[in-house]
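Visitor: Sharing a structure with you now.
Derivation of every value follows stated rules applied to the coordinates shown; laboratory data play no part. Bear in mind that the values here come from a model prediction, so they are computed numbers and not experimental data. Using ideal geometry, Cβ is built from the backbone for each residue, glycine included, and neighbour counts are taken over all protein chains shown.
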């Protein structure tokens with residue numbers, strides 16, 4: 001007998017026995033689609049559109065629904081860190097954005113700038129929350145992105161740092177103001193999607 005092994009040489013199985021013959025059968029929800037995959041809990045046949053991947057195998061939508069008590073929620077400490085990281089990243093990114101905006105016009109890169117701002121703020125929120133994805137962190141990320149566009153103009157007005165309301169492109173009347181609102185909306189959307 002070999003010590004440390006769960007089986008001695010006579011009892012050790014060489015291969016697992018198949019449970020039975022796999023049969024192609026119609027999906028329970030889409031009868032015209034044939035499948036060989038079944039729900040690991042109830043045995044219902046599932047096509048790729050009906051499969052829900054879980055930690056214990058493929059399940060149907062009904063079996064994959066978790067009771068409210070088993071859903072993962074963000075802890076208050078992680079939530080506070082996510083808010084602090086979002087506001088910090090939003091403030092930093094906002095000041096850099098307005099500094100670059102004052103140095104030159106780059107409206108042809110609007111989509112990439114919005115994506116970058118949203119990704120940076122969203123990534124800061126994800127990391128601070130312990131890589132939690134959900135509605136709470138998505139709201140924090142989107143709000144922090146809006147904060148990135150609002151706080152630098154307000155700060156400069158209060159401290160008179162060289163910006164003026166006419167140089168801040170947050171007016172609705174000028175083309176640049178509308179473009180800045182579009183950049184802010186796109187950035188908030190990308191931050192939301194990064195955390196959802």
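Visitor: So for 24, 62, 41, fewest C-beta neighbours within 10 Å to most, what's the order? Before the final figure, lay out each step's value.
Guide: On the way: 24 8, 62 12, 41 15.
Ranked by crowding around the Cβ, least crowded first: 24, 62, 41.
Visitor: Once fully extended, how much extra length lies between residue 95 and residue 29, figured as 0.36 nm per residue of separation less the alpha-carbon to alpha-carbon distance?
Guide: 18.5 nm
Visitor: Set the Förster distance to 25 Å, then compute FRET efficiency between residue 73 and residue 40 from the Cβ-Cβ distance, nearest 0.05.
Guide: My answer for the efficiency is 0.45.
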